[in-house]
Each structure stands twice: as structure tokens, then as C-alpha cells.
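What follows is a set of notes on a single structure, which appears directly below.
Each reported figure results from applying straightforward, stated rules to the coordinates on display, with no laboratory input. Since the model is a prediction, treat every value here as computed from it, not as a measurement. Please note: Cβ atoms are built from the backbone with ideal geometry, for glycine as well, and neighbour counts cover all protein chains shown.
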Amino acid sequence: MRPNSERIGLMAAPLRVVAQRFTLLLFAGASVTLLVLARAGYPPLERVRTAVLDIAAPVLEVAAHPVAAVTDTVGDLAALSNVYSENLRLREEVERLRNWQAQARLLAQENAAFRGLLRAQPEPGMTYVTGRVIGDSGGPFVRAVLLNAGTVDGIHPGVAAVTGDGLVGRVVDAGRRSSRVLLLTDLNSRVPVVVESSRYRAILSGDNTDSLKLAFLPAPSAVTIGDRIVTSGHGGLFPAGLPVGVVTEVTADAAVVTPHVEFRRLEYVRILLFDFPRLDADEAEAPAAGAGAAGREGG
């Protein structure tokens with residue numbers, strides 16, 4: 001015969017199952033009711049929720065401090081690791097730059113010695129004015145930018161505009177406080193350049209795309225992919241040696257040059273005030289008169 005406690009347990013088992021199911025249904029119904037009341041904006045429920053949030057907010061804030069501290073610590077460790085790797089990279093780069101600096105100093109000394117032996121005339125003086133791009137007049141037919149510097153800063157039409165990457169274009173209009181720079185990629189842009197390695201001359205032109213065309217080459221073999229293009233200095237508008245771009249494609253009659261400058265990201269532009277020597281009218285007439293007198297004497 002079973003004990004009384006066991007008989008009572010067996011009798012209570014169905015009641016326990018019914019109670020559990022009823023409790024589950026009660027919680028489900030209460031949850032649905034709370035969701036419906038919350039959707040409807042029931043005022044008492046809103047006040048209860050606000051009170052619960054007011055009570056829970058300080059607790060959550062206190063509980064969030066350790067999590068934030070751990071997160072900050074992990075971030076600091078990751079940043080420290082990045083700083084260490086960046087430090088190693090910068091050390092290697094500084095070492096390479098020191099080698100280049102030593103070679104540059106040696107070349108500068110040799111250049112000065114050769115100039116002294118040849119009695120070469122020095123390049124004209126050059127200064128620059130930095131202007132910020134305040135407008136973009138670019139479009140399907142015009143590639144130009146507007147700067148916040150003008151004639152009061154010494155800028156005049158024809159001077160070159162550059163960035164740290166290379167040549168941008170030339171100034172075509174100059175007001176007192178503003179100036180407009182025609183970009184290299186404009187259809188009307190023409191720049192005399194040379195191939196840096198072979199010293200072949202050519203004309204660099206834009207076509208309103210992101211690439212440049214190198215035309216009037218003496219032969220298709222005068223340029224190869226990877227050659228750097230720099231300004232030649234002919235015409236007196238641009239100083240010689242300004243970096244322009246790299247040859248990325250060669251065809252039968254021209255070559256495609258990718259410019260160093262990213263024209264879509266221009267913010268600040270330097271205007272080079274280049275004092276190119278020009279003959280005055282009197283100086284130009286003097287040699288002509290001398291040549292005429294020598295011709296008469298010879299006759």
C-alpha cells in the first residue's frame with residue numbers, strides 16, 4: 001500500500017499541469033494586453049513604464065560603466081597595437097628618406113659645381129599664393145574651379161596652379177578677390193611637356209575626361225607605359241619640371257596620361273608666381289638694328 005504523501009503527489013500532478021498551463025496562458029494574455037495598451041498609448045501604462053525607466057536608468061548607468069571601461073580598454077589595446085605597427089612603418093620610411101636625402105644633397109652639390117663650370121644662368125625666382133577652392137564651375141563642357149585669391153594677392157591670368165601632387169592647370173581669369181583656374185582636363189587646356197626619361201617634347205591636352213592625351217610625339221616609341229610626364233617650361237607660362245602624370249596607355253598616334261592630381265578632391269591650390277624673363281620692345285629692336293647695320297657693312 002502506497003504512503004499518503006505519494007498518493008497526494010499523484011493526485012496533485014494533474015492539478016500542477018493545469019496550473020502551469022493556466023499560468024502560461026495568463027502571462028501570454030498579459031503580454032498581449034500590455035502590447036495592445038502600449039500601442040494605444042494607455043496613460044496608466046505609460047506612467048508605469050516611465051516610472052520603471054526612471055528607476056532602471058541609474059541602475060543601467062552604473063552597470064554600463066564596467067562595460068564601457070572594458071570596451072575602452074580593448075579599444076586602447078587595439079590602438080596601441082596599431083601605433084606600434086605604424087611606428088615601425090614610419091621608422092622604415094624615415095630610414096629610406098634619409099638615404100634619399102643624402103643622395104639629394106650629393107646631387108645638389110654636383111649640380112651646383114656643374115653650373116659653376118658651365119656658368120649657367122639660374123632659374124627665375126618663384127613664389128606662390130595659396131587659395132581655397134570656393135566653387136566648381138565644372139560641367140559637361142567646362143572643367144574649372146574658383147579660388148578665393150585674386151589680383152590683390154599678385155595673381156594674374158596665365159600663371160600655373162599646383163598642389164603637392166602636381167600641376168592642376170592655369171589661371172584664366174583674375175578678379176580682385178577671386179580667380180578661375182582652368183583644369184588640365186578641360187578641352188581647351190594645352191600644356192607643353194616633356195617625357196622625363198627620354199626628354200622628348202609633346203603637347204598635353206585635355207578632353208573633358210579624367211585622362212589626358214599626349215600628342216605631337218616624334219614617334220610612338222618615344223614614350224612607354226610608366227613614363228613620368230613633366231612640364232617643359234617652353235612658352236614661359238609654367239616652370240620646367242612640374243610633375244603632371246604617368247603614361248598608362250600608348251596608341252599609334254597618341255598616349256594616355258593619368259594625372260597625379262585628383263581633381264574631384266581639390267580643396268587648396270597653390271598659384272605659382274613665376275617671373276619668366278621676357279624681352280622688352282627696345283631690347284627686341286636692338287639686336288635687329290645691329291643685324292641690319294652688320295648686313296650693310298658686309299654689303
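Amide H to amide H distances under 5 Å link Glu249 with Val256, where only residues 5 or more positions off or on other chains count and H is placed in the peptide plane.
Couplings for region 175-180, taken from phi via the Karplus curve 6.51 cos²θ - 1.76 cosθ + 1.60 with θ = phi - 60°, read x, 5, 10, 8, 8, 10 Hz in order; Gly and Pro are left as x. The residues His234, His260, when put in order of fewest to most other Cβ atoms within 10 Å, stand as His234, His260. Ordering Phe238, Phe114 from the fewest to the most neighbouring beta carbons within 10 Å gives Phe114, Phe238.
Could you tell me which residue out of Leu272, Ala149, Ala160 lies farthest along the dipole of region 127-277 toward its positive end? Charges go on the beta carbon: Lys and Arg +1, Asp and Glu -1, centred on the Cα centre. Going by the Cα projections, it comes out as Ala149.
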